[in-house]
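Participant: Sharing a structure here in structure tokens format.
Throughout, read-outs are computed from the coordinates displayed, never taken from laboratory work. Worth saying up front: this structure is predicted, and the values here are computed from it rather than measured. Every residue, glycine as well, gets a Cβ built from its backbone with ideal geometry; the counts of neighbours run over all protein chains shown.
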Amino acid sequence: MSFWTNAQSAAVEQETGVGERFHDDTPAGWTPGLNGMDHLSPIAQAKLTEYVRKKLTTEERLVIMLRYCEELTASEIAAVLRIPESRVAQVHDDVVARVTRWLRLNADEVLPVA
């Protein structure tokens, strides 16, 4: 269940510009500048980007982008998105768990060989 309506999501995306990074019109070859992703191959980055686009809600994408790309704290994200800090923590923890699970299931395809 999403915490936001589509109108609220669209307004925050437009205001912050963050949501634009994960829409279908993203230029070919673009990958998110998430901290720690630079060790992944271009193929792995593309697969992770596709997962984020298809499986995360707008709210989830915004929280993750603001945390890891813009390097905002939970309280700063809460202020920007106008949601409780506890909701930011909940969304963040859920996304991290889901992405970790996805990475484990797809490790052969996305993680570099040691």
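Participant: Can you figure out the FRET efficiency of E85 with A46, using R₀ = 30 Å and their beta-carbon distance, to the nearest 0.05? Show your work: numbers first, answer last.
Facilitator: Numbers: r = 33 Å, r/R0 = 1.09.
Efficiency at R0 = 30 Å is approximately 0.35.
Participant: Using a 7 Å offset from the Cα along the Cα-to-Cβ direction at both S75 and L105, what is the distance between the two label points in nm, to one decimal?
Facilitator: A separation of 3.7 nm, rounded to one decimal place.
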